[in-house]
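Notes for the one structure printed next.
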Amino acid sequence: MPLSADQFAKAVIAAGLSSADEIKTLWNSLPANTRPKDGETFAKLLIEREKLTQYQAGELLSGSTTPLALGDYVLLAKIGAGGMGQVFKAHHRRMKRLAAIKLSRPNIVQTHDAGVQRGVWYLAKEYVEECDLSAVVAQVGLGGVQPTLLARHSHTAISPALPDEDFAAASPLPKLCSANVRPLSTRAVAIFQS
């Protein structure tokens, strides 16, 4: 069922894309006979006035549960997706600059923090108890399979086309830790148990 203009306005506010006062001010600035009657028309108006992006409007109209505001970051557009998650173009509200935001999956090692201290940039990631990929490759080898997923304890290669349902059903949940191995020319990734 299509959203009414009122329902769409409430969805915009609930998503953190605009305040109730901003929506009310915009609504009151419109001549009564030109006010949108449905959510789709209101979305087009907000896009024209650069209050929403096409992506945001589409997500709200479809009833998607993807969060559109993450702290000070507002998702503007989806720019990629793959096995390690989805990547979005985002805008930082206070810093007024663009960023790429990655929404990852539960089987990907999470990033907890990033920053700079006395000129040194750092990235704090979830700690997963295990050896590093180079140690696993040294012990197990690549076995001629490329690309290879290396799993803890099993010391066997697993198909890189493992469906999402297989990851979701695994217990404990496998965690992807690294997507690049240097100096090897083949690409390998490591999976460890959390």
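Only the coordinates and a few stated rules stand behind these numbers; no lab work does. Please read all numbers here as calculations on a predicted model, not as lab measurements. Positions of Cβ are backbone-derived with ideal geometry, glycine not excepted, and every protein chain shown enters the neighbour counts.
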Exercise for review: Work through the residues other than Ala57 whose Cβ is under 9 Å from its Cβ and net out their charges, Lys, Arg +1 and Asp, Glu -1.
Suggested key: -1
Exercise for review: With a 10 Å radius around each residue's Cβ, average the other Cβ atoms per peptide and rank 31-44, 3-16, highest first.
Suggested key: 3-16, 31-44
Review point. Here are some pairs, Lys24/Lys78; Lys24/Lys96; Lys37/Lys89; which of them have Cα atoms lying more than 26 Å apart in this structure?
Key: Lys24/Lys78; Lys37/Lys89
Study note, to complete from the structure: Cβ-Cβ cut-off under 12 Å around Lys78, Lys and Arg +1, Asp and Glu -1: the net charge is +1
Revision key, fill the gap. Other residues with Cβ under 13 Å from the Cβ of Lys89 give, with Lys and Arg +1 and Asp and Glu -1, a net charge of +3
